[in-house]
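Notes follow once the structure below has been shown.
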Amino acid sequence: MDGAWALYEAWVLLQEGEIDAALVYSFGRSSPGNLSEILALQLDPYYMAPLWPDPTSLAALQAQAMIDAGLATEADFAAVAARARRSALGNPKAQVAYDRSPEDLLTEEYEVAPLRRHALPPLTDGCAAIVLAAGDRAYEWCERPAFITGIDHRTEAHAIGARDLTHSPSTKLAGEKAGVARSGVDVAELHAPFAHQELILVDALGLGPDVDLSPSGGALAANPMMSAGLIRIGEAARVIWSGRADRTVAHATSGPCLQQNLVCVLEGV
Amino acid sequence: MSERCAVIGIGQTVAKSKREDVSIAGLVREAALMAVEDAGLTFADIDAVVIGKAPDMFEGVMMPELYLASALGAVGKPLMRVHTAGSVGGSTAIVAAHLVASGIHNRVLTVAFEKQSDSDAMWALSVPQPFSSPLLAGAGGYFAPIIRAYMHRSGAPRDIGMKVAVKDRLHALKNPYAHLHLPDISLKMVEDSMMLWDPLHYLESCPSSDGAAAMVIGSERAVAQAESDTGRRPAWIHGMAMRSEPTSFAGRDQVNPQAGRDCAADLYRQAGISDPRADFDMAEVYVPFSWYEPMWLENLGFCAEGDGWKLTDAGATSLIGGGDIPWNCSGGVLSSNPIGASGMLRFLETALQIRGLAGEHQVPDARRALGQAYGGGSQFFSMWVVSVDKP
């Protein structure tokens, strides 16, 4: 599970009043191993893992399902990737950042059709840490804290064939429980490791065209396993601290093809 | 804790060397369904699921919460995974209980498992970790020198561990879910068994088991409903605590770890315990190798430091011997060790005793019980107190 779920666990204890401050951290070091092989081991050990399906191939099935359903085109995927990498130019922690047009990106070779290199996340070593504080303690430590006003997470079935991969009902439900639609959203930081997944998440969360999507560059700019979701929460908090936004949404995912999802709503007061 | 909460449903599989009739999902679902039905519920009544197991290296299934979502009826619900090595079963129950104590959920299902026949624990515990000295000897090889340090420090006679081994196996004969049933168990049989890691004989070590454990933890409202639906009383949670410390640091006391003492102190403060030996009617404590009984008697404050072996020697911890503070009436980890579930089994057995449902290994009129689990290199601790009385 991504560190975002560790943050959820800390939030539970804060809600209960057991503690009034917490340090949440998570890390991922993908460089020493073979991530594709390792991630195949998170699949059903009897029916799927023995086939060694790599995460890019599974994501490609999801992207192809979107194309087949008429929900998106390869040009849409390229547009997401171009915007994310351009945003990443302003993020000093980003691993992959560039200013290239979607048309240019579409000249790349396929990695696994219909996904070209630009639609894939990088392999990343990285770590993130977040300090949570309750009530007045938050004001002692931070001039403009980002308060968690709603947080929820939901899972879906594991078997790829048992799911409609073109939609994310778990994100939709978590978003409803977290109260995303109760008021306007200025910024959404979405944990979409593959470009097409951002389109699924935007739809599931009901985000309109005026929402600033993943200004950090998102998981396409840097994707440390187990941390890329927690980083989304940090980035969504940071834009509140700076006064650039009043209400933001952060999202984290776990498992193949967005199986499990967490949504966190943050507000500056 | 802000909201009252209690155990309202319990399920466990029989522990065995090999459950070849079920997959991992089948094993876990068996315990989960038992717990849900024991509470008079179905999966539809459960708000969230919290699952724990020992490291993913064991069965080689990474993040098994993903694969197990459907088997646990978790689709459309929050599903959490907990990792704290051998203590994980206890930590998992605590994470689940906090979801109720915080007022977030009404009924939470918590599950832990290990299918050791699909894994190789000895190998999984011996793989070199970055920045750590290699173990290469499994758990027994790691703990044996610590046990020898305890013997040296306390001056305990060499047969204390063997007495624990016999006592827990006699308890197991009264527990139909226990893996080891050794009707002929005796000190001589333990002594004659192979020496594995001096001073630990084969029969002073835990078995390698397949098994799963599950509980449903409910709010005050859920408790009232379950009591009227099933006629079975709840086990109220009076305190829960977790502590951890690094595997090694200068000056670390591995025989009597600080994290364990701190965890017990926090727990006893919450539950109003001043004299554990007198205040508890029984305890289920993680004793995978015989000598950990006297060591944890001291760490948990049941006696002064150095005196743990004297309680064991005098039979104070024996249910059958009529001891005043029976430990591990279920047979303990020495009789069943589905590693990820072993910690939860300790917690579950305390709830079973408090609910008066322990059958032949029931402590008469058990009103307050301690559950403890530890893991890693004696570095992760989780504990809770359950009672007949509403807090």
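Comparing Cα centroids, region B:328-357 and region B:253-286 end up 17 angstrom apart.
What's the magnitude of the charge dipole for region B:1-143 around its Cα centre, counting Lys and Arg as +1 and Asp and Glu as -1 at the beta-carbon? Answer in Debye, nearest 20.
Details: 10 positive and 14 negative charges, 34 e Å.
My answer is approximately 160 debye.
Keeping the other protein chains in place, figure out the carbon and sulfur percent of the accessible area of region A:3-268, with a 1.4 Å probe. Reported share for carbon and sulfur atoms: 54 percent.
Across the accessible surface of region B:232-339, with the other protein chains kept in place and a 1.4 Å probe, carbon and sulfur atoms take up 47 percent.
Mind checking which of B:VAL255, B:VAL287, B:VAL164 has the largest fluctuation in a GNM of chain B, springs on alpha carbons under 10 Å? Greatest mean-square fluctuation among the candidates belongs to B:VAL255. For region B:175-181, the Karplus equation 6.51 cos²θ - 1.76 cosθ + 1.60, evaluated at θ = phi - 60°, returns couplings of 10, x, 8, 5, 6, 8, 10 Hz by residue, with Gly and Pro reported as x. Taking 0.36 nm per residue of separation and subtracting the Cα-Cα distance, full extension of the segment from A:GLU140 to A:ARG117 would add 3.8 nm.
Summarise the partner chain shielding of B:72-84 as one whole number: the mean count of Cβ atoms from other chains within 10 Å of each residue's Cβ. If you can, show how the numbers build up before the last one.
Values: counts 1, 0, 5, 10, 7, 5, 12, 10, 8, 4, 3, 1, 0.
Mean number of neighbouring Cβ atoms from other chains: 5.
Please go through the residue pairs B:LYS115/B:LYS174; B:LYS163/B:LYS390; B:LYS16/B:LYS77; B:LYS115/B:LYS390; B:LYS167/B:LYS310 and name each one whose alpha carbons sit more than 26 Å apart in this structure. Provide the component values of the computation, followed by the final result.
Working: B:LYS115/B:LYS174 24 Å; B:LYS163/B:LYS390 36 Å; B:LYS16/B:LYS77 31 Å; B:LYS115/B:LYS390 36 Å; B:LYS167/B:LYS310 15 Å.
B:LYS163/B:LYS390; B:LYS16/B:LYS77; B:LYS115/B:LYS390, as the Cα separations exceed 26 Å there.
Using a cut-off of 15 Å between beta-carbons, work out the net charge of the residues near A:ILE200 (Lys and Arg +1, Asp and Glu -1, A:ILE200 not included). Net local charge, A:ILE200 excluded: -3.
Just want to confirm a number: the relative contact order over chain A, from Cα pairs under 8 angstrom separated by 6+ residues, in percent.
Working: 552 pairs, mean separation 74.4, N = 269.
In percent, rounded to a whole number, it is 28.
Other residues within the sphere of radius under 9 Å centred on the Cβ of A:ARG116, judged by their own Cβ, net out at -3 (K and R +1, D and E -1).
What ranking do B:115-123, A:199-207 get when scored by the average of other Cβ atoms within 10 Å per residue, highest first? Walk me through the intermediate numbers first.
Values: B:115-123: 18.8, A:199-207: 20.6.
The densest-packed peptide leads the list: A:199-207, B:115-123.
Compare the peptides B:80-87, B:193-200 by average per-residue count of other Cβ atoms within 10 angstrom and give them in order, highest first. Write down the numbers at each step before the final one.
Working: B:80-87: 24.2, B:193-200: 15.5.
Listed from highest to lowest mean packing, they are B:80-87, B:193-200.
Can you classify region B:176-329 as rounded, prolate or oblate using the Cα gyration tensor, where a ≥ b ≥ c are the square roots of its eigenvalues, rounded means a/c under 1.5, and otherwise it's prolate if a/b beats b/c and oblate if not? Note, shape of region B:176-329 comes out oblate. Ordering B:313-319, B:354-360, A:4-10, B:341-347 by mean Cβ neighbour count within 10 Å, with the highest value first, yields B:341-347, A:4-10, B:313-319, B:354-360.
Interface A/B, total buried accessible area with a 1.4 Å probe, nearest 100 Å²? Don't skip to the end; give the middle numbers.
Details: alone 12540 and 14380 Å², together 24430 Å².
Buried surface at the A/B interface: approximately 2500 Å².
Using only Cα atoms, locate the centre of region A:96-129 and the centre of region B:49-114, then give the distance between them in Å, rounded to an integer. Answer, in whole Å: 34.
If a/c stays under 1.5 just call it rounded; otherwise compare a/b with b/c (prolate if a/b is bigger, oblate if not). Do that for region A:3-268, with a ≥ b ≥ c from the square roots of the Cα gyration tensor eigenvalues. If you can, show how the numbers build up before the last one.
Working: a/c = 1.63, a/b = 1.41, b/c = 1.16.
It comes out prolate by the Cα gyration axes.
If you roll a 1.4 Å probe over region B:1-126 with all protein chains in place, what percent of the accessible area is carbon or sulfur? Please report the intermediate quantities before stating the final value.
Working: 1850 of 3530 Å².
Result for region B:1-126: 52 percent of the exposed heavy-atom area is carbon or sulfur.
Solvent exposure of the protein assembly as shown amounts to 37 Å² per residue of accessible area, where only protein heavy atoms count and the probe is 1.4 Å.
Per-residue Cβ counts within 10 Å, from other chains only, averaged over A:10-16: what number is that? Intermediate values should be presented prior to the final figure.
Working: counts 0, 2, 9, 4, 1, 7, 10.
For peptide A:10-16, the averaged partner shielding equals 5.
Please state the shape class of region B:19-83: rounded when a/c is under 1.5, otherwise prolate if a/b exceeds b/c and oblate if not, all from the C-alpha gyration tensor. Verdict is oblate for region B:19-83.
The values are calculated or read from the model by the stated rules, or taken from the named source; none is laboratory data. As the structure is a computational prediction, the values presented were derived from the model and not from experiment. Using ideal geometry, Cβ is built from the backbone for each residue, glycine included, and neighbour counts are taken over all protein chains shown. Accessible surface is based on the protein model in full, side chains and every heavy atom, while ligands, DNA and RNA are left aside. Shrake-Rupley method; radii C 1.70, N 1.55, O 1.52, S 1.80 Å.
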